[in-house]
1. Can you name the helices (runs of 4 or more DSSP H) wholly within region 93-211 that have at least 1 residues being of a type outside the set (A, V, I, L, M), at pLDDT 85 or above and touching a helix residue (DSSP H, G or I) at 6+ places or on another chain (Cβ under 6 Å)?
2. Scan region 156-180 for residues that are more than 19 Å from ARG90 (Cβ to Cβ) and either in contact (Cβ under 8 Å) with a residue 24 or more places away in the chain or under 21 Å from the mean Cα position of the chain (by Cα) (or both) and jot them down.
3. Taking the conditions exactly as written (loosely packed, with under 14 Cβ neighbours inside 10 Å and out of contact with any Cys (no Cβ under 9 Å at 6 or more places or on another chain)), does ALA208 satisfy them or not?
4. Answer yes if at least one residue in region 262-284 is among the β-branched types (Val, Ile, Thr), buried (at least 22 other Cβ atoms within 10 Å of the Cβ) and closer than 26 Å to ARG61 by Cα, and no otherwise.
5. Identify all residues within region 268-287 that are within 17 Å of ALA204 (Cα to Cα) and out of contact with any Phe, Trp or Tyr (no Cβ under 9 Å at 6 or more places or on another chain); write none if there are none.
6. Please identify the pairs in which a residue from region 110-129 that is under 22 Å from THR234 (Cβ atoms) has its Cβ atom under 8 Å from the Cβ atom of a residue that is part of a loop (DSSP other than H, G, I, E, B) and aromatic (Phe, Trp, Tyr), counting only partners at least 6 apart or on another chain.
7. Within region 54-91, take every residue that is surrounded by fewer than 24 Cβ atoms within 10 Å (Cβ to Cβ) and within 18 Å of the chain's Cα centre (by Cα) and give me the one that is modelled with the highest pLDDT.
Amino acid sequence: MVDTNSAIRLLTMASLGGLLFTVGLRLTWTQLATSLQRCRLGWLLPLNFLLPPVLTLVLARLFHIPAEIVIGMLLLAAAPFAPVVPIFTRMAKGDLALAGALTAMFPVFSAFLAPLVCEASLKFQFGNDSLKFGPWTVLVVLLSTITLPLAAGVAFRHYQSALGKKLLKPLEVISEAAGAISLAFVTVVEFRTILATGWRPLLAMALAGELLFFAGYAIGGSTPAARRVTAFGTGNRNIALALLMALESFSGTPVVAAVVANGLLLIFLGLLHVAFWYYRSSRHRNA
């Protein structure tokens, strides 16, 4: 029998892997390289690794949030550029090449910076840290689940362009359906967990997510399409990475539930932004 956690993991990996592969089918190596040359990486790293934990700690103290919930929020704050960023960017008519390049590259930074940020945040807030793993575990997981599927799609397009074009739409439909099923399944299964988290942590995380979203948009680049990428990357945290850190170091505690509840909230907020920009783009096309 497959337990609930295994079912959630399988659904999520299948949908994200398929979606990232199809994103890769839309891109070339030249587009990715050109996008990286134009991005403001010197601003993006502190924006994604320093501002989120500071903002989260300020809001956590302001809302008097329990310690274990705060830890879960900090783990999310230290995990930027969720693998859904290219999917959200494509639906919101943003710069897909930049989204793909940054999403593929950020796992390398996250593997080494996320544990350091978590340790520093925990020491500052609680006087100690409880992390039990190093960066190499994170690096292997992130590269295999994010960078590899995306790079495989780009490589497939490069060597099998005609077949890639034929497969693109069917694979997108299948992957998006799997993603919708996965999100619905996780929401139903974890609904009590979300309610048990309480309104104060969710409100604090919503405020943090929206402030980070608009900070990413303000700093992200010279064009609206590029700014949408950095807005989604900064506002949507990597739940998979946060869960990995939570399960390794805080298994069986409310920390894991806090990561799930607040992570799902950020996904829903991201979808609201997608809907706004998609509607706005449709109005401009029909005007």
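1. Qualifying helices (runs of 4 or more DSSP H): 96-126, 148-159, 161-189.
2. Within region 156-180, HIS158 is the sole residue that qualifies.
3. So ALA208 fails the test.
4. no
5. Residues of region 268-287 within 17 Å of ALA204 (Cα to Cα): 268-270.
Hit for region 268-287 is PHE268, nothing else.
6. Hits for this filter: SER110/PHE81; PRO115/PHE133.
7. Step by step, filter region 54-91, then rank; the result is LEU55.
One line per residue, one yes/no per condition, for (1) within 23 Å of THR145 (Cα to Cα); (2) among the polar types (S, T, N, Q):
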residue: PRO201; (1), (2): no, no
residue: ASN236; (1), (2): yes, yes
residue: MET245; (1), (2): yes, no
residue: GLY252; (1), (2): no, no
residue: VAL256; (1), (2): yes, no
residue: ALA261; (1), (2): yes, no
residue: LEU265; (1), (2): yes, no
residue: TYR279; (1), (2): no, no
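The values are calculated or read from the model by the stated rules, or taken from the named source; none is laboratory data. All of these numbers come straight from a predicted model, not from anything done at the bench. When we count neighbours, we look across all protein chains shown, and the Cβ atoms used for this are built from the backbone with ideal geometry, even at glycine.
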